[in-house]
Every structure is written in structure tokens, then in C-alpha cells.
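In what follows, a single structure is set out as C-alpha cells and then discussed.
The numbers here are math on the coordinates, done by the rules we state, and not lab data. Remember, predicted model here, so these are calculated numbers, not experimental data. Methodologically, a virtual Cβ is constructed for each residue, glycine included, from the backbone with ideal geometry; neighbour enumeration extends over all protein chains shown.
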Amino acid sequence: MTPVCRIEDLPEGEAVRVEVEGSPEPIAVFHADDGEFYAIDDTCTHQDASLSEGWVEGCFVECPLHTALFDLRTGEPTCLPARRPVRTHRVTVLDGMVHVEARPVGEAGGVVAEPAEIVA
Ligand code: FES
């Protein structure tokens, strides 16, 4: 698990792009409108856009380049032009700090992300 930010530094509806141990690709961490934290690959599977720069709506992020919509819980795109899912990653909140554990490369999204585990 890699600590990526404090919870107060990531308000609801915001995202941050981070480097996480074990992932060759950057990861985007979101504080969604449902109050949960989610982590997915930062790079859109359509072309080279940073999803952390997209727009968060509920539990979805809209790609800033061609507006594909990805479900933060599953990594699945819900509309074209993206066709392939992004990886989802495990998030844990520990003592007010958000941690991310990268899913191995080659494991696609499509696995429902567990809500962030909050450890007091
Ligand atoms: S780069 Fe994301 S939809 Fe095209």
C-alpha cells in the first residue's frame, strides 16, 4: 500500500493523479460524490488522456478528451468511444491518510471495487 494523500486534501468531486508502488502506470484517486474513495488507472483506454482531469459525476468520471464515461467502481466504460475498462485498485483509509494498492498489470477492471476500508 502506498500513501497518496490526506483525506482533507481531496474534497468530494475531486481527483488526484499519483504514482503507486507496483504500478508502471499513473493512477487516479477520486473522492466521489457518494463520499467513497476510488482508484483507477489514470490513462483513458481510448487515447492518451488523464482521467484525473475529467469531470466527476456521482460514481463516474467523464474523460476530458472525448467524453467517454467510466464507472469508478468497476473501471468499465459506459459509452463510446472507450471500449476497454481501466484497472481498478484497492483503497484503504488509515489514520486520515488515503492508501492505494495497485492491481497487477494485465488484470483488467471489471471487478467491482470494494469501498475504501476505513481503519481508525
Ligand atoms: S481519450 Fe478518453 S475518450 Fe478519447
The size of the Cβ-based charge dipole (Lys, Arg +1; Asp, Glu -1) of the range 2-119 about the Cα centre, to the nearest 20 debye, is 420 debye
Sort Cys63, Cys5 by Cβ crowding within 10 Å, fewest neighbours at the top.
Cys5, Cys63
Using the Karplus curve 6.51 cos²θ - 1.76 cosθ + 1.60 with θ = phi - 60°, what ³J(HN,Hα) values do you get for each residue of the range 35-50, in whole Hz, with x for Gly and Pro?
x, 8, 9, 9, 10, 9, 4, 6, 8, 4, 7, 7, 9, 8, 10, 8
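Could you tell me which of rounded, prolate or oblate describes the range 1-53, using a ≥ b ≥ c as the square roots of the eigenvalues of the alpha-carbon gyration tensor, with rounded for a/c under 1.5 and, failing that, prolate when a/b is larger than b/c and oblate otherwise?
Verdict is oblate for the range 1-53.
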Leu94's amide H: which non-local residues (gap 5+, or another chain) put their own amide H closer than 5 Å, with H modeled 1.01 Å from N in plane and none for Pro or chain starts?
His99, Val119
Can you order the peptides 48-61, 12-25, 67-80 by their average number of other Cβ atoms within 10 Å per residue, highest first?
67-80, 48-61, 12-25
Lys and Arg at +1, Asp and Glu at -1: add these up for the other residues within a Cβ distance under 10 Å of Asp41 and post the number.
0
Given the convex hull of the Cα atoms of the range 2-119, what is a quarter of its surface area in nm²?
6.1 nm²
